[in-house]
1. Given H placed 1.01 Å from N in the peptide plane, which residues other than close sequence neighbours of Trp277 have an amide H under 5 Å from its amide H?
2. Restricting to Cα pairs below 8 Å that are 6+ residues apart, what does the relative contact order work out to for the chain? Please round to a whole percent.
3. Per DSSP helix of 4 or more residues, -39500 (n - 2.57); summed, then divided by the residues of the chain. What does that give at 222 nm, rounded to the nearest 500?
4. Please state the charge dipole magnitude for region 2-118, taken about the Cα centre, from unit charges on C-beta atoms (+1 on K and R, -1 on D and E), reported in debye and rounded to the nearest 20.
5. Which of the residue pairs Lys23/Lys298; Lys88/Lys158; Lys94/Lys158 have a Cα-Cα distance greater than 29 Å in the structure shown?
6. Taking θ as phi - 60°, what are the ³J(HN,Hα) couplings along region 73-90 by the Karplus curve (6.51, -1.76, 1.60), each to the nearest whole Hz, with x for Gly and Pro?
7. Tell me which residues come under 5 Å, amide H to amide H, from Val27 once H is placed; ignore anything under 5 positions away on its chain.
8. For the chain, take the longest principal axis of its alpha carbons; what is the angle in degrees between that and the long axis of helix 306-325, to the nearest 10 within 0 to 90?
Amino acid sequence: MITLAIAGCAHIHTPNFVDRLAKRTDVRVKSIWDPDPARAAKHAEKLGAAVVANPEAVWSDPDVAAVIICSETHRHADLVPPAARAGKHLFVEKPLGFASADAFEMAGVIEAAGVLFQTGYFMRSDPVNRFLKEHIARSTFGKVTRARFANCHMGALKGWFDTEWRWMADPAIAGCGAFGDLGTHALDIALWLLGDVDSATAVIGSAIDRYAGCDEFGEGLLAFRGGAVAALAASWVDTGNPVSLQLAGTEGWALVRDGKLFIQTSNLPGADGKEPWTDLPTALPHAFELFLDAVVGKSGVELVGAREAAVRSAVMEALYAGAARRAWVAPATA
């Protein structure tokens, strides 16, 4: 059995991760640290773990092989490097960095330490996205020219961040608002499918101003080095997200509506776009489960690289800068 620790419990996904950990029989959580001892104690009770007074108690514990960091984003730069230097494998909830500078610095430390790394980009496990990844690589749709990626919910409309998760609607702590929070998932898929971004811009705004100083929706544009252009939508003020992905190429198209894939291309028999395409790869486990699988020694586990995570922080930074300047901005590369 592999011994883990948790450093920071602030993220809204923490309860889900704790539930997953409680169900695993191949890992155990020995200790939990959070700047709010009561918050740490709540999760420690469920996992049978001890609450420690400071994160150094986690880094110095030789029993701990891996650390789960679900702290506020602005704490990552203080938590990730010492954990990596202590040789701990790392799951760091997204986004890795507050911006490009700290994200690339952390990625460098992680890579130098040679530890496993994973972040919460769970959409890569979805069969539809896996299918599109495979068939874009095969040129099934010809040369991809245009795409749109959307990840939206009604979090601000429903007040999801009013109390315990209020920090996530404070850009001074989270590093972004709604557009960055949800948009980073869609951005990960966009880059995973289409490659590197040359420049980016966006329009970002608020609709109901529920959280002062925090954006609530946005639409970005990404110019890819391979020649494609993509739109990126994210929002906490949408009542639905029926069309989450559109893709156009010189030999076909793809559309994801209500989670169902429709495709039209002469390169696949029967792909006439009229009915949902169901011949899809098997879903992979959630990104968090993949990390645990890798830590316990399973082979061939697909993880997100630390450098990949840093690039997403850099592109999101460029999108926000583009919105502020009303201009196209090249993402930082290091």
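1. Residues meeting the criterion, in which the H sits 1.01 Å from N, are Leu261, Phe262, Ile263.
2. Details: 736 pairs, mean separation 64.4, N = 334.
With pairs under 8 Å counted, the relative contact order is 19 percent.
3. Details: 11 runs with 114 residues, N = 334.
Only helices count here, giving -10000 deg cm²/dmol.
4. Numbers: 12 positive and 14 negative charges, 86 e Å.
Charge dipole, region 2-118, about its Cα centre: 420 debye, nearest 20.
5. Lys88/Lys158
6. Per-residue couplings from phi come out as 4, 5, 8, 4, 5, 8, 9, 5, x, x, 5, 5, 5, 7, x, 8, 5, 10 Hz.
7. Ile2
8. The angle comes out at about 60 degrees.
No lab work stands behind these numbers, since they all come straight from the coordinates. Just so it is clear, the model here is predicted, and its values are computed rather than measured. Note: ideal-geometry Cβ built from the backbone for every residue, glycine included; neighbour counts use all protein chains shown.
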